[in-house]
Amino acid sequence: MDQAPAIAVRELRKVYGAKAAVDGLTLTVPQGCFFGFLGPNGAGKTTTIRMLMGLAPPTSGEIELLGLRMPSHAVEIKKQIGLVPDETLLFDHLTGLEFIEFVGRMYALDRKVARDRARELLALFELSGSERKLIGEYSKGMRKRVAMAAALIHRPKLFLMDEPFEGVDAVGARLMKEILLDQVRHGATIFLTSHVLEVVERLCDRVAIINDGRLVIDESMSALRSGSETLEDIFVRVVGAERHTEMLDWL
Amino acid sequence: MNGQARAIVWAQVRTMLNYFPKSNKSGLVFGIAVGALWYGLWSVFAFAAMTVLSEPGDPKAMTLILSGGLLLVFLYWQVIPVLMATAGASLEIRKLRVYPIPHAQLFLIEVMLRITSSVEMLILLIGVGAGLALNPRIPFWAPLALVPFIVFNLCFAAGTREILTRIFARKRIREAAVFLLVLCGALPQLLIMSGEHSRLETFVRSYNAPWTPWSATALVAQGGTALVNVFVLLGWTTLAYLFGRWQFERSLSFDADAERATTTARNPGALASALMRWPSALFADPMGALVEKEIRSLSRAPRFRLVFVMGFTFGLVIWLPIAGRGEAGIGMMSQNYLTLVCVYALLLLGDVCFWNTFGFDRRAAQFYFVAPVRFGTVLLAKNVTALFFVLLEITAIIAVCALLRMPVTGLKLLEAYSVTLVISLYLVSVGNLTSTRNPRPVNPEKSMRSGGAGQMQALLVLVYPVAGIPVFLAYAARYAFESELAFFLVLAIASAIGAVVYWVSMESAVAAAERKREEIVDRLSQGDGLIQG
């Protein structure tokens, strides 16, 4: 069956003042793909993901998610997306359980279903012990875990994840990876940004690297692995980060 | 209300219930007491309105009274939040935008939240409605006309808030918008001064023209069955809804990050640079570095810039009507016009300079606790910064007065500086206590304060008069002895007492900060909820 790509962006551009944060990005992510979106700090990753989430309108270009155009079908698209946003989009004064239940209800789940699923997800992410704790009191890793648990509650087809492993300990990261791989096996698509290249190398089918707002690599992981370079070598080479650092005299 | 809207309300209630056990009990009690007093006062007004309107008086007179009253309600609802640079509670759209919620649902909640910016008017209108319902001359259904009038005000306020929030999110345009507001405020005065007062009078007298929303409401609320009045009222309500919805949609697609980035940071000019470096020339480190940092941080915070500009522009204009009056009472006010404007500026600056000095730069609070600096030095640096900006504000006010060729004598200058500084001394003393005992995280990028205007006015009614008692005594001495010497002598005594009060409050604030450092850092690192208010 001819499936629409999970993500299709054409000539996407986002300009902040005189600077183009994203400059003519064209990208296609097929459904069922585990896609890694990489780039150095300030390359335009978060801006891209914010545009995909509908948080920032693009200056120009087209976005199509699961065959539907943004922003004209924003509500239908959002119903099928699971978000692991940056931490600022969490609600600090709700407990983990309340937050996940709230997100479930935002996706129009019945209140009882949302609460039951919230409990199950908390248990799955090993957060049951912190059920009554406020999110504001969570550690960074726990915040990421609760965000991912909330993203799963409505069984989305597409996940958009901004640095999901940031601050997560090894045990938590292993758990999250297993859950994500399981989602991909069941047909979901995952689009994630990460600075942890080892994780991307191990999980992703396909990788894109963005630098100064422009796409510099969009390859399958198998094609990238065919050479002698590691993903880290390729990343450093394409973003031009090999610089000589001189020690400061006084240091 | 559908499931999503119910879920938002539920989550907000949970947020408040979760926050309650962690909130500062004394701050909470004070807040409740201030709220009870303020809204109690408005309940008295509502009761008075009910008593007056329940009498079957002359219908024409009642139409005039009701039209005028409803016009004042409209003005209060729409203008006071602007005057106080406050936006009331509102949805945290940034957080909710990621979910599949129809915009109509969000708008409905946002409109309901506009009540928070003018609870006083709702109380008053309940009194008006009750009075009309008790009036034997008026049919029972007639007071229902107040419902579309409330909807009209809510939608209009929602639209205005969206416009202002977007304007104030834009660098430079924000400052220009304040000047535009000043011009609007100055227009009536300019008309009077240019001899065009007859045109103004005609305009003011037409307040009860039947095409106005308040007059149409007044007529229908008394049982008037003329369809034209009903159409006028519903027409205004529909227009306000369309306006509010249109502005809300524009805000949903507004990218504040892009707006903030449109003007890239520039190196400050020589004067600005010198203004920011003076503390290091005057004080030894760490004091010099701390004051310099505070000046840099505050002068870059949009909220601070807005209230600072408002202080010497808007403040001058709104008090202008009393400047030229010669009647007793008002005549005395006009003599003290300059001081009055300076004290109003203190009210505006209070939120950013006195009451919550760690709220704007909350990450810095954490640094202050780990840096090898005495906490008292940090507080002192913040107070020096506050006084510096107060002095700068007074100077700006005087400069504008001089530009407008207003009569400003040397004695009046001295009076304005000394009165404002003495009140500031008491305000920083109270501010040190509130900043360490009840710190609140504030987003410095938001120009408009999210709390309701009523809270600010309650502060005006309660805290400022208390802080102003020593100054009041100085004025009483001047009046009693008809002597400037007596005035300045009492002011000098007030400042000496103020210094003692400051010293005591500083000791107490430092002790509280040392004792509650973990709580302070914890509170300042809390993020926003679903509704900011």
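Using alpha carbons only, how many angstrom separate the centre of region B:349-420 from the centre of region A:109-187?
47 Å
Go through B:336-346, B:397-407, B:108-118 and give me the packing order, highest mean Cβ count within 10 Å leading.
Numbers: B:336-346: 22.7, B:397-407: 14.0, B:108-118: 21.2.
Put in order of decreasing packing, that is B:336-346, B:108-118, B:397-407.
Stretch B:Val147-B:Glu482 to full length: gain in nm at 0.36 nm per residue minus the Cα-Cα span?
That pair, B:Val147 and B:Glu482, stretches by 115.2 nm at full extension.
Of A:Lys78/B:Lys95; A:Lys14/A:Lys144; A:Lys79/B:Lys95; A:Lys144/B:Lys95, which ones are farther than 19 Å apart at the Cα? Numbers along the way, then the final one.
Working: A:Lys78/B:Lys95 14 Å; A:Lys14/A:Lys144 27 Å; A:Lys79/B:Lys95 16 Å; A:Lys144/B:Lys95 16 Å.
Exceeds cut-off: A:Lys14/A:Lys144.
So, in nm, how far is label A:Glu229 from label B:Leu489 when the simple model puts each one 7 Å beyond its Cα toward the Cβ?
Output for this residue pair reads 8.6 nm.
Using a 10 Å cut-off on Cβ to Cβ distances, tally the other chain neighbours for every residue of A:94-106 and report the average as a whole number.
Working: counts 8, 2, 0, 0, 5, 2, 0, 4, 9, 4, 1, 8, 10.
Rounded to a whole number, the mean comes out at 4.
Would you mind checking which residues have amide H under 5 Å from A:Thr189's amide H? H placed 1.01 Å from N; only 5 or more apart, or other chain.
Hits under the 5 Å cutoff: A:Gly32, A:Leu158, A:Phe159.
Would you mind calculating the gained length between A:Asp116 and A:Arg202 on full extension (0.36 nm times residue separation, minus the Cα-Cα distance), in nm to one decimal? List each step's numbers first, then the result.
Values: separation 86, 0.36 × 86 = 30.96 nm, distance 3.28 nm.
Gain in length upon complete extension: 27.7 nm.
Among B:30-42, B:408-420, how do they line up by average Cβ neighbours within 10 Å per residue, starting with the highest?
B:408-420, B:30-42
Find how many whole Å separate the alpha carbon centroid of region A:1-25 from the alpha carbon centroid of region B:112-127.
45 Å
Using θ = phi - 60° and the Karplus relation 6.51 cos²θ - 1.76 cosθ + 1.60, list the HN-Hα couplings for region B:392-409 in order, rounded to whole Hz, with x at every Gly or Pro.
Per residue, the Karplus-derived 3J(HN,Hα) values read 5, 5, 4, 4, 5, 4, 5, 4, 5, 4, 5, 5, 7, 6, 7, x, 10, 8 Hz.
Could you list which residues have their amide H under 5 Å from that of A:Ile217, counting only those 5 or more apart in sequence or on another chain, with H placed in the peptide plane?
Long-range HN contacts for A:Ile217: A:Ile209.
Taking a spot 7 Å from the Cα of B:Met406 along the direction of its beta carbon, which residues of region B:353-395 have an amide N less than 18 Å from it?
Label zone hits: B:390-395.
Hey, how much of the P(r) for region A:1-158 falls beyond 24 Å, as a percent of Cα pairs? Please list the in-between numbers first.
Values: 5147 of 12403 pairs.
Summing the P(r) tail past 24 Å for region A:1-158 gives 41 percent.
Round to the nearest 0.05 the FRET efficiency obtained for B:Lys60 and B:Leu234 when R0 = 30 Å and r is the Cβ-Cβ distance.
Values: r = 24 Å, r/R0 = 0.80.
Result of the calculation: an efficiency of 0.80.
Is any residue of region A:34-75 close enough, with backbone N under 15 Å, to a label point placed 7 angstrom from the Cα of A:Leu181 along the Cα-Cβ axis, and if so, which?
What the label zone holds, given the 15 Å backbone N cut-off, is A:34-35.
Using each residue's phi in region B:63-72, evaluate 6.51 cos²θ - 1.76 cosθ + 1.60 at θ = phi - 60° and report the 3J(HN,Hα) Karplus result to the nearest Hz, with x for Gly and Pro.
4, 4, 5, 5, 4, x, x, 5, 5, 5
With label points built 7 Å along Cα→Cβ from the Cα atoms of A:Arg214 and B:Asp285, find their separation and express it in nm.
A separation of 4.2 nm, rounded to one decimal place.
May I ask you to find the residues of region A:17-40 that are shielded by at least 20 Å² of accessible area once the whole protein assembly is considered instead of their isolated chain (probe 1.4 Å)?
Listed in order, they are A:Gly17.
Rounded to the nearest 0.05, what FRET efficiency do B:Ile173 and B:Glu249 have when you use their Cβ-Cβ distance and R0 = 25 Å? Walk me through the intermediate numbers first.
On the way: r = 20 Å, r/R0 = 0.81.
It comes to 0.80.
What is the spin-label model distance, in nm, from B:Gln105 to A:Leu124 if the labels are put 7 Å beyond Cα along the C-beta direction?
Going from the B:Gln105 label point to the A:Leu124 one covers 2.3 nm.
Can you give me the relative contact order of chain A as a percent, contacts being Cα pairs under 8 Å and 6 or more apart? It would help to have the intermediate numbers written out before the result.
Values: 453 pairs, mean separation 63.6, N = 251.
With pairs under 8 Å counted, the relative contact order is 25 percent.
The values are calculated or read from the model by the stated rules, or taken from the named source; none is laboratory data. As the structure is a prediction and not an experimental result, all values here were calculated from the model. Cβ atoms come from the backbone with ideal geometry, glycine included; neighbour counts cover every protein chain shown. Ligands, DNA and RNA are stripped out before the accessible areas are found, and what is left, the full protein with its side chains, is counted by its heavy atoms. Shrake-Rupley method; radii C 1.70, N 1.55, O 1.52, S 1.80 Å.
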